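In what follows, a single structure is set out as structure tokens and then discussed.
The values are calculated or read from the model by the stated rules, or taken from the named source; none is laboratory data. Note that the structure is predicted; figures quoted are calculated from it, not measured. No Cβ is skipped: glycine too gets one built from the backbone with ideal geometry, and neighbour counts run over all protein chains shown. Surface accessibility is based on the protein's heavy atoms, side chains included, excluding ligands, DNA and RNA. Shrake-Rupley method; radii C 1.70, N 1.55, O 1.52, S 1.80 Å.
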Amino acid sequence: AWYVPCLASLETLQELCRKENLTCKSIGITNRSLKSYEVEYLCDYKVEEGKAYYLVKWKGWPESSNTWEPRKHLNCPLLLQNFLRDKNEYLSRGREGKAMKVRNHVKTLKPAIADYIVKKAKQRIALQRWKEELNRKKNHKAMILVENTVDLEGPPLDFYYINEYKPAPGINVLNGITTGCECADCPAEKCCPKEAGFILAYNKRKKLKIQPGLPIYECNSYCRCGPDCLNRIVQKGTPYSLCIFRTNNGRGWGVKTLQRIKTNSFVMEYVGEVITSEEAERRGQLYDNQGNTYLFDLDYDSDEFTVDAARYGNVSHFVNHSCDPNLQVFNVFIDNLDLRLPRIALFSTRTIKAGEELTFDYQMKGSIDLTSDSAEGLSPSKKRIRTVCKCGAVCCRGYLN
């Protein structure tokens, strides 16, 4: 099913809840806020008769209920810090890139400054709610953070977080597994990778030891081995805390790690809606016009299916392309042995420092790097329009496709 964002504003919903005496935690209406006043953010500033006043937006109350309050009535040091920081940030940008002198002893704020402060406050609240939503929906222990210090962009309105493939009608992403290994201590002679004709993908430190292009066969839900099995890595989800952040060079959102990642470590899985190649061709025409790239061909064995992470996905939806990436694509089979439907796992190609952006090559198909001069294996939808690359790498090919 497709979801449509609510067309009513937050203020309208809050006012309706108050009129009907209803509570709704997701929009800030609780039993406490129905009966009391709590500062949500500060909107404006003025000085009258030597006294400083702030225009207050009350939590759970519509903007029509905003009031001017003297500084001594406000017990919200963090919100005051945010207000001052946002004001100074706006002034420091100045006109045409020229820095302006920041004056803290003004009697009133210009409307443009107050408008910017309100937009930043609303953005801060929206991003905080989005972060909480992402962490409620994820199925791994590591945290997801959200950060935007670049512009006023808020959470994407048409994106829904999922932890595993969402199959389109008629597509079965769980089939082919009826038995598992009998190992007490994997890997043994009859362990899952060996039964499939391949070697175990991980070493004793649970790091990848196989070359790109080879598949990973992990132990599945029918296997006798426990959760600490050496051959259960991708299925546990990302072990690293990650941050979705706004890039400062026009690449939109990106993802950075908050922890150091060692070479050949599993970082995240690429998930989305599984669709047919025919449907991917149709959607690809729309995405090309929008300048988006979210279609990932599942071409390990055939070109029958594609993963579309445009509307449904996890953190990987926000990972940017690089011609010199620090993540590598691998095909993984766990509870599904259908070669047409591998799971897509991203592993580190080198040591990645905390705070460093995570990237992978959008032309990696089945872990084989295709250059712009060798486009065999790319879907027709990715041959139509060439998207300029902004990765900034020394070896940049100039285009994403």
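Tabulated data for the structure shown
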item: Those strands (runs of 3 or more DSSP E) lying entirely in the stretch 1-82 with at least 3 residues touching a helix residue (DSSP H, G or I) at 6+ places or on another chain (Cβ under 6 Å) and under 28 Å from LYS110 (Cα atoms); result: 39-48
item: Residue selected from the stretch 54-69 under the condition crowded, with 19+ Cβ neighbours inside 10 Å and either under 14 Å from LEU13 (Cβ atoms) or small (Gly, Ala, Ser) (or both), by the criterion nearest to the chain's Cα centre (by Cα); result: GLY60
item: Some residue of the stretch 120-133 being farther than 21 Å from SER26 by Cβ and of a type in the set (Lys, Arg); result: yes
item: Residue ranges of strands (runs of 3 or more DSSP E) in the stretch 141-258 with at least 1 members open to solvent by 60 Å² or more (accessible area, probe 1.4 Å) and either of a type in the set (Gly, Ala, Ser) or touching a residue at least 40 places away in the same chain (Cβ under 8 Å) (or both); result: 144-147
item: Residues of the stretch 343-364 classified as open to solvent by less than 10 Å² (accessible area, probe 1.4 Å), modelled with pLDDT of 95 or more and in a loop (DSSP other than H, G, I, E, B), total; result: 1
item: The lone exception for GLU11 - which of (1) free of Cβ contacts under 8 Å to residues at least 24 places away in the same chain; (2) closer than 30 Å to ILE162 by Cα it fails; result: (1)
item: Candidate set: the stretch 259-294, residues that are aliphatic (A, V, I, L, M) and under 13 Å from SER316 (Cβ atoms); chosen: the one surrounded by the most Cβ atoms within 10 Å (Cβ to Cβ); result: MET268
item: Subset tally (residues that are part of a strand (DSSP E or B) and among the acidic types (Asp, Glu)) for the stretch 274-305; result: 1
item: Condition met for ALA114 (over 20 Å from TYR270 (Cα atoms) and either modelled with pLDDT of 95 or more or assigned by the TED database to the domain that holds TYR41 (or both)); result: yes
